[in-house]
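The values are calculated or read from the model by the stated rules, or taken from the named source; none is laboratory data. Quantities reported herein were computed from a predicted structural model and do not represent experimental measurements. Cβ atoms come from the backbone with ideal geometry, glycine included; neighbour counts cover every protein chain shown. Areas reflect the complete protein model, heavy atoms only, side chains present, ligands, DNA and RNA absent. Shrake-Rupley method; radii C 1.70, N 1.55, O 1.52, S 1.80 Å.
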Amino acid sequence: MHDLGLAVVHHVLVFGLAIMLAMELAYLRADPVPVTRLAKLDGGYGGVAVLVLIVGVVRVVWGAKGWVAYEGNPWFWAKIATFTAIGLISILPTMRFIRWSRALKADAGFRPPAAEVAKAAMWVRLEVLLLFPLVGFAAAMARY
């Protein structure tokens, strides 16, 4: 039952990440971009990503299969690499959102430049695209 609970929490958190990325893209399409909401959402996204990582580590170490089942599984490592890539890519839009949020505090009329919004949206779309192989690697990992 312990393992099932961990799996459910892990999956719900990952679905939450996907939803948060979709919301970020929606905010980036809005005119004007709701900078404050976007920055808060992105902070939540980072927090949920950390929770995904923590629950994932707990599953690997104390779950039913244990570390031995994962250490030699190439799909596990592909999943970890993809999750890491998503995390690293997410730094780029996060830095913009922080910069925009600071600019908005300094000038209530601030609007992010369209080119910067497009660039941030491109990075967030890449994060979304990488969720597909991540889920594929997770499915392959479970069957290895």
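How many residues are among the aliphatic types (A, V, I, L, M) and either touching a Cys at 6+ places or on another chain (Cβ under 9 Å) or open to solvent by 80 Å² or more (accessible area, probe 1.4 Å) (or both) when one looks only at segment 54-67? Going through segment 54-67 one residue at a time, the tally reaches 2. Scanning segment 81-118 for residues that are part of a helix (DSSP H, G or I) and either more than 21 Å from Gly44 (Cα to Cα) or modelled with pLDDT under 95 (or both) yields a total of 6.
If you go through segment 21-38 and keep only what is of a type in the set (A, V, I, L, M), open to solvent by 30 Å² or more (accessible area, probe 1.4 Å) and in a helix (DSSP H, G or I), you end up with Ala22, Met23, Ala26.
Here Leu51 fits the description: surrounded by fewer than 18 Cβ atoms within 10 Å (Cβ to Cβ), touching a Leu at 6+ places or on another chain (Cβ under 6 Å) and within 22 Å of Phe137 (Cβ to Cβ). Filtered by the rule that a residue be in contact (Cβ under 8 Å) with a residue 24 or more places away in the chain and within 15 Å of Ser101 (Cα to Cα), segment 1-43 gives Glu24, Leu28, Pro32, Val33, Val35, Thr36, Leu38, Ala39, Asp42. Of all residues being out of contact with any helix residue (DSSP H, G or I) (no Cβ under 6 Å at 6 or more places or on another chain) and part of a helix (DSSP H, G or I) in segment 68-80, which is surrounded by the fewest Cβ atoms within 10 Å (Cβ to Cβ)? Just the residue, please. Per the criteria, the residue is Val68. Going residue by residue through segment 56-79, is there one that turns out to be in contact with a Pro (Cβ under 8 Å, 6 or more places away or on another chain) and not β-branched (Val, Ile, Thr)? The answer is yes; a qualifying residue exists.
In summary, Leu25 fulfils each of the numbered conditions (1) over 22 Å from Ala115 (Cα atoms); (2) at pLDDT 95 or above with the single exception of condition (1).
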